[in-house]
Structures are given as C-alpha cells and as structure tokens.
Amino acid sequence: MLVLTLVLVKCLPLPDNWQIRGLNMTKKQALLKAAEDKVRSGGYSNFSFRELAKEVGIKSASVHYHFPTKADLGAALARQYTDYFMDLLGDPGEIHKADKSPIQVYTTQFRRALLEDKKMCLCGLLGAETDCLPEKVQQETKRFFRLNLEWLQVAHKLNDPIDVEQKAASTLSLLEGAMMVSKALGDNCFFDQATNSLK
C-alpha cells in the first residue's frame, strides 16, 4: 500500500480536489486515507471524526457531510481496502500463465504491508474486533475474507485440485497470524520463517 504523508496547514480549508506530492486527492479520499492509517495502526477505535478532521484540515461537520456516521466511514474504508487489494492481486490464472506462483504473489502483498507500510492488514484488524463493530462494517470485513478465500481456492487449484478449500483457509490464516505475531515480537524475520512453506 502507498503510504502518503499528509502535510497540512492547520485550519486551512481544502478545495474539493487538492494535491499532495503530485497526487490529486479529494477531501473524501483524504479522510479515508487518514482513517486507514489510524485503523491499521490501532484498530477501529483508534480514530474519531474530530481527529480525522484535524489531520485533513477541515471542520468536524465536513466529515459528517461525507460520512454521516463512523460506521459509514468504516464500511466505506473496508470496501475500498478490499477492492484495492483484490485489484492489486489480479487474476491468479494470468499470474500462473506468466510462470509465477499465485500463492507467492499473494504472500508478497502481506509481506510488503508489514515491511514497507509497517502496518497490519486493515481487515485482519477489523476481523479481530468483529464483535464490537457496527453491522455494516462487519459485512464489509466478511466480504474481504470471502473474496480472498475464493481467490486462494482458484490459486491453489492451479497447482493441485485436491482440498483447495482447506488450503485456502490455511494460507489466509497463516498470513494473517504471521503478521500479528511478527508485529507483536517486533521481528519481521518471523514472518518469513512462518510463511516460507507457502508456494
């Protein structure tokens, strides 16, 4: 995931479209980016509308204009994250045709998030909090896992059509767990050790 550093003048009102380091971003997109950074660092409870407004440089009321409730923002954030992640992965069949391992490509995305972003999987964190999440955020979090499991089943089937559901479940669980333990230990090498068998 691309990490953007938001450098803003305090209380400076933003136009509908504004630019950071050459990248155009609407206020709505800026709010989602700020919220993503917060959630991936500390979970769903790690942000408030007031904090997001201050970081983006708008009034709290403006946040409510784009997202009436925190649940609306959380659901939009999870959906955006899922869509981006799946687009980033691409078609496992096309990856296989290019003589690459879809499972290794998948593993690489988790590794990059941990090493380059230095953050957890957004939906992995939301999944751990699911009992405390609003219904619409729960549904979007489930969608992430359903789509990932479906992708992994197709990917594993390209290598071996036997027990693809079990293999997909094991792969996703291993990667999410390896991220969590690596982060807790402060040891990225653990992630590589834990996922070395994935092919």
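The values are calculated or read from the model by the stated rules, or taken from the named source; none is laboratory data. The structure presented is a predicted model; accordingly, all values stated were derived computationally and were not measured. Cβ: placed from backbone, ideal geometry, glycine included. Neighbour counts: every protein chain shown.
Test LYS27 against the criterion of being modelled with pLDDT of 95 or more, out of contact with any Lys or Arg (no Cβ under 9 Å at 6 or more places or on another chain) and crowded, with 18+ Cβ neighbours inside 10 Å, and give yes or no. Criteria not met by LYS27.
For the stretch 168-182, filtering for residues that are touching a residue at least 24 places away in the same chain (Cβ under 8 Å) and surrounded by 21 or more Cβ atoms within 10 Å (Cβ to Cβ) leaves 5. Scanning the stretch 141-160 for residues that are aliphatic (A, V, I, L, M), surrounded by 21 or more Cβ atoms within 10 Å (Cβ to Cβ) and farther than 21 Å from GLU36 by Cβ turns up at least one hit. Candidates are the residues of the stretch 145-192 that are modelled with pLDDT under 95 and among the polar types (S, T, N, Q); the one that is nearest to the chain's Cα centre (by Cα) is ASN188. All but one of (1) over 27 Å from SER197 (Cβ atoms); (2) free of Cβ contacts under 8 Å to residues at least 60 places away in the same chain hold for ALA78; state the number of the condition that does not hold. Condition (2) is where ALA78 drops out. Applying the selection to the stretch 87-125, what residues are polar (S, T, N, Q) and either closer than 19 Å to MET179 by Cβ or in contact with a Leu (Cβ under 8 Å, 6 or more places away or on another chain) (or both)? Correct list: GLN104, THR107, THR108, GLN109.
Looking at PRO134, is it under 17 Å from LEU172 (Cα atoms), over 14 Å from the mean Cα position of the chain (by Cα), at pLDDT 95 or above and outside the structural domain of LEU32 (by TED's automatic domain parsing)? The answer is no for PRO134.
If you check ASP87, ASP91 for being without any contact (Cβ under 8 Å) to a residue 12 or more places away in the chain and more than 27 Å from LYS38 (Cα to Cα), only one passes: ASP91.
Output yes when any residue across the stretch 81-97 is surrounded by 15 or more Cβ atoms within 10 Å (Cβ to Cβ), farther than 21 Å from ALA113 by Cα and at pLDDT 95 or above, and no when none is. Yes: one or more hits.
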